[in-house]
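Here the structure is laid out as structure tokens; the discussion comes afterwards.
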Amino acid sequence: MGLLQQKNTQPVNLESVVLNSERLMLTPVSRTFAEKIFKEFTTDTAHDMMPKFAGHINDICIFIDTSIEKMRTGDQLVLAILDTETVQFSGICAIYGKEQGITAELGIWLEKNAQVKKTGHEAIALLTQWAKDNLVLSRLIYPVDKNNIPSRKSAEPLGDIMAPGHQQESVSGNRLAERVYPVDADA
């Protein structure tokens, strides 16, 4: 059993989870999206994030393969964000298990063009609802860098800041002033 403890006695295969809204489809990440991720995940978009900027497309393939493996083990759910009409790729969102049955963390990365369309807020809302319906959790959190305005706009409707002012160094070496937003995990 992975870090994302499911409510059902017969757990859902996380590699088959697809979530839909009027505008978005969230589908499991795969190598199909590698080139688009590599093209859009630039030093500019990755500056205020934990992941390291990908210097080569192989870095993206390793990220995707690792994500798929962690979905198989039930430790995380990593989904590509697509426009339902055009099937155009807009980014990645995820739920990362932290403490089995207790805490999971939301994360999102959007290409620059999708950041002004409320895509992040809608994707996080879909992911949050799926977590509430399917996971055993006491806490669901959404950490963002206070300087990452698009991420803050997705997080602020979720509620008050749980841990303001926490400093963290990203994988790329940037200092992040992390704010952690609690999300009501009760179904």
Quiz item: If we keep just the residues of segment 1-43 that are of a type outside the set (S, T, N, Q), modelled with pLDDT under 85 and under 18 Å from the mean Cα position of the chain (by Cα), which is nearest to ARG139 (Cα to Cα)?
Solution: PHE41
Self-check item: All positions within segment 122-155 that are part of a helix (DSSP H, G or I) and at pLDDT below 85
Solution: ILE149, PRO150, SER151, ARG152, LYS153, SER154, ALA155
Quiz item: List the pairs whose first member sits in segment 100-111 and is surrounded by fewer than 16 Cβ atoms within 10 Å (Cβ to Cβ), whose second member is part of a strand (DSSP E or B), and whose Cβ atoms are under 7 Å apart, counting only residues at least 6 apart or on separate chains?
Solution: ILE102/ARG139
Practice problem: Find the residue count for segment 50-74, including only residues that are under 26 Å from ASN8 (Cβ atoms) and either buried (at least 20 other Cβ atoms within 10 Å of the Cβ) or of a type in the set (Gly, Ala, Ser) (or both). | Solution: 4
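The values are calculated or read from the model by the stated rules, or taken from the named source; none is laboratory data. Everything numeric here is computed off the predicted structure, so don't read it as measured data. Positions of Cβ are generated from backbone atoms using ideal geometry, with glycine treated the same way; all protein chains shown enter the neighbour counts.
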